[in-house]
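Remarks on the structure that follows.
The values are calculated or read from the model by the stated rules, or taken from the named source; none is laboratory data. Because the structure is a prediction, the values reported are computed rather than measured. FYI the Cβ positions are ideal-geometry reconstructions off the backbone, even for glycines, and counts take in every protein chain you see. In case anyone asks, the SASA skips ligands and DNA or RNA and just uses the protein heavy atoms, side chains included. Shrake-Rupley method; radii C 1.70, N 1.55, O 1.52, S 1.80 Å.
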Amino acid sequence: MWKYALSFALLIAFGALLFPRNEGAPRIASLSPEEELKVKQATLSQDMKLTDDLCRTQCSLELRRVLNVSEGAPLEKKQQELVALQQQHPHMEQLIWTQRSQTVDKGIQAGSLPDALRTMTEPKLREAKQKTDRGESYQSLPFQFDGDTYFVLGVPSNSSETALLGVVKQSILKHVENHQLKNLRIVTYPADNHYKIESVDSRTLRDVKVRHPEENEGTSHYHVNQVVVRFNQEPTQADLAKIDSEIGTSHYRKIGYTYIFESKQMEAKQLMNYFKKWNVAYAEPHFLYLTNSEAVDSAVNADTARKEAQISDELKPNDTLYQRYQWNLPNIETEQGWTISKGSDQIKVAIVDTGVDINHPDLKDQLISGYNVVNTDAAPLDDVGHGTHVAGVIGAVVNNNIGVAGMSWYNRIMPVKVLDQSGAGSTYSVAQGIIWATDHGAKVINMSLGNYADANFLHDAIKYAYDHDVVLIAASGNDNTETPGYPAAYPEVFAVAATDSNKNKASFSNYGDYVDAAAPGVSIASTYPHNQYAALSGTSMASPHVTALAALIRSVNPDLKNTEVMQIMRETAQDIGPKGKDKYYGHGLIDVVAALKRAEATKNPQSMQSPQQQPEPVSTLPEWTQRLLDRLWGR
């Protein structure tokens with residue numbers, strides 16, 4: 001635990017530089033690469049500390065739940081409950097139901113431990129037994145075994161006559177650490193999958209040798225032997241045969257009118273030069289896109305932030321981790337917004353990401369069929385954790401007495417896996433995922449991913465979805481740079497920056513004139529694979545807040561166009577930076593209740609305020625009448 005304390009102290013020391021309180025533009029300190037790397041390492045440790053706390057809290061609550069529902073039950077029933085609990089939470093490697101008069105080894109058990117691990121846990125289990133016999137809860141300090149972190153806990157029953165003890169393996173900590181090392185760019189770009197990767201300056205396409213993690217800023221990565229081509233005139237079979245013979249094609253793929261060629265003998269720049277002689281709209285590298293999540297970047301006291309939110313208790317959901325950890329929803333007036341709308345199962349939300357844990361108890365009832373672009377024969381399962389976390393922000397089941405609460409109660413989530421187990425995906429994968437989601441009825445698409453390259457191929461897919469009336473939301477990126485990131489910087493996309501619990505710009509959040517609005521993105525508690533929960537930070541976490549709001553707006557009034565949904569979110573945002581639209585927060589921090597009130601008013605245009613009070617009304621009465629008739633007639 002001492003390493004967490006040290007990291008926390010480092011975080012506070014840098015916090016004075018990164019988060020000065022002010023009324024105008026954020027004064028972000030200019031740190032050297034080494035200094036910025038230290039901040040990132042400290043924030044990663046803090047992120048892991050919060051994830052550890054979520055794990056411990058969830059495990060304790062689950063043990064207490066089982067104790068309460070099985071108090072006085074026969075031994076056979078208790079054994080069944082333990083087995084079921086372990087199946088639901090495989091990280092609880094051993095569970096022991098013990099009575100006050102028993103020794104630990106005489107209790108009802110589920111699961112077993114290797115001999116060496118059992119020897120390590122025996123004194124901690126005895127200590128847990130002594131505590132629970134006195135009616136006190138117990139949690140041990142973390143300890144290491146075979147490269148993993150473990151802890152022992154004990155929870156007494158209400159009568160203190162019985163107790164549940166557990167040995168918990170926290171593989172989630174190593175998983176979060178490994179994933180966030182990449183997302184935070186604490187390591188240089190990891191070509192740890194099947195990709196053959198080159199790094200280039202996004203503007204000039206000149207080669208960049210990334211020797212230090214901070215040099216990833218403004219750098220893009222692409223497949224060395226591949227090129228993306230869109231022909232102005234569809235090539236014939238004879239044309240394709242000629243191309244094959246001249247470049248030594250190993251294979252090619254086609255999506256829409258766009259081709260991806262892979263050569264056995266030529267690299268991307270040679271291929272781009274080769275296709276100049278053909279009648280092409282563009283020939284560009286086949287870029288890779290990365291997740292935009294990051295570790296916790298400020299010493300946020302979630303409890304303090306929560307206490308400052310003066311919201312009546314009746315609006316708070318009963319999800320067990322909500323009040324302690326989810327500062328983010330009250331911060332944007334979500335609870336009051338639920339009095340207007342809690343969503344609609346008719347409005348589908350696609351998450352174009354690493355997939356989703358389709359068996360997570362806090363998500364499975366919200367999911368609809370999705371698609372796996374990476375492996376079309378497999379379900380869109382999340383093998384990273386990023387997409388599952390994003391999904392929980394949008395639609396974790398609310399008021400089910402477990403875990404966290406999503407922003408929407410009823411909107412259905414469509415998982416579209418375009419990023420592989422390394423957290424990266426190609427232009428082709430992302431574009432195909434966007435088009436598939438559009439063709440299968442998604443009304444809102446979240447893209448918590450990015451690259452600094454303006455790829456025509458991806459832009460074509462974005463335009464396709466936009467022209468089909470989809471609201472497109474994307475994370476701006478986590479390099480604290482004004483360099484535009486894509487797809488967020490495309491004009492058809494609503495770009496999202498990140499804020500902390502004090503409504504300040506998150507230190508990592510990218511910025512620029514393309515940013516539309518900001519949303520909470522620091523220390524966000526949400527769902528994680530294998531029935532777990534984690535706290536992550538990044539514009540990846542800010543983006544789904546806006547996606548959920550767009551889905552709620554469309555739930556209030558399904559007749560709103562995508563442009564109107566985006567304009568409502570801009571016009572109702574809280575202006576928290578320099579007056580008016582600025583490059584750090586865009587139009588400001590999203591305001592759920594204000595946006596839903598505006599959307600509700602559009603259902604009766606005559607009730608809307610005068611132009612002097614509300615500039616640029618969303619639509620006119622004749623348009624709404626026609627749209628309503630079109631819906632009634634099924635047009």
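Odds and ends about this structure:
- Relative contact order %, the stretch 380-537, counting alpha carbon pairs below 8 Å whose residues are six or more apart: 20 percent
- Lys/Arg +1, Asp/Glu -1 at C-beta; the stretch 521-585 dipole; positive extreme among Ile553, Pro529, Gly580: Gly580
- Rounded, prolate or oblate (a/c below 1.5 giving rounded, otherwise prolate when a/b exceeds b/c) for the stretch 77-157 by Cα gyration tensor: oblate
- Ordering Thr132, Tyr150, Leu113 by the projection of their Cα atoms onto the charge dipole of the stretch 95-168, which places +1 on the Cβ of Lys and Arg and -1 on the Cβ of Asp and Glu, puts Thr132 at the extreme positive end.
- Think of a 1.4 Å ball rolled over the protein heavy atoms: the stretch 490-548 then has 13 Å² of accessible area per residue.
- Heavy-atom accessible area for Tyr138, with the other protein chains in place and a 1.4 Å probe, reaches approximately 20 Å².
- Phi angles across the stretch 280-286 convert, under the Karplus curve 6.51 cos²θ - 1.76 cosθ + 1.60 with θ = phi - 60°, into 3J(HN,Hα) values of 10, 6, 6, 9, 9, x, 8 Hz, Gly and Pro given as x.
- Each residue, Ala73 and Ser171, gets one label point 7 Å from its Cα in the Cβ direction; the gap between the two is 2.6 nm.
- Over the C-alpha atoms of the stretch 501-549, the Rg to Rh ratio, Rh being the Kirkwood estimate, stands at 1.01.
- When +1 charges are put on Lys and Arg Cβ atoms and -1 charges on Asp and Glu Cβ atoms, the dipole computed for the stretch 457-548 relative to its Cα centre reaches about 340 debye.
- Stretchable slack from Gln41 to Ser137, in nm (0.36 nm times residue separation minus alpha-carbon distance): 31.3 nm
- C-alpha center-to-center spacing [the stretch 384-454, the stretch 229-286] in angstrom: 31 Å
- If you wrap the Cα atoms of the stretch 532-593 in a convex hull and average its projected area over all directions, you get 5.4 nm².
- Mean-position separation - Cα centroids, the stretch 58-106 and the stretch 529-543, in angstrom: 29 Å
- In this calculation the C-beta distance from Arg324 to Asn279 is compared with R0 = 56 Å, giving a FRET efficiency of 0.35.
- Pairwise Cα distances in the stretch 381-530 exceed 23 Å for 38 percent of all pairs.
- Modelled spin labels at Lys583 and Val83, positioned 7 Å past Cα toward Cβ, are 6.3 nm from each other.
- The ellipsoid equivalent to the alpha-carbon distribution of the stretch 447-578 has semi-axes of 22, 18, 16 angstrom, derived from the gyration tensor eigenvalues as √(5λ) and listed largest first.
- Cross-link table Lys579/Lys603; Lys316/Lys603; Lys38/Lys583; Lys364/Lys597; Lys348/Lys579, entries beyond 32 Å C-alpha to C-alpha: Lys348/Lys579
- Taking label positions 7 Å along the Cα-Cβ direction at both Lys106 and Lys561, the computed distance is 7.7 nm, reported to one decimal.
- Working note: Debye formula, equal point scatterers on the alpha-carbon atoms of the stretch 327-438, no solvent; log10 I(q)/I(0) at q = 0.15, 0.18, 0.22 Å⁻¹ is -0.62, -0.85, -1.13.
- Here, the stretch 559-609 has an Rg and a Dmax of 11.8, 35 Å when only alpha carbons are counted.
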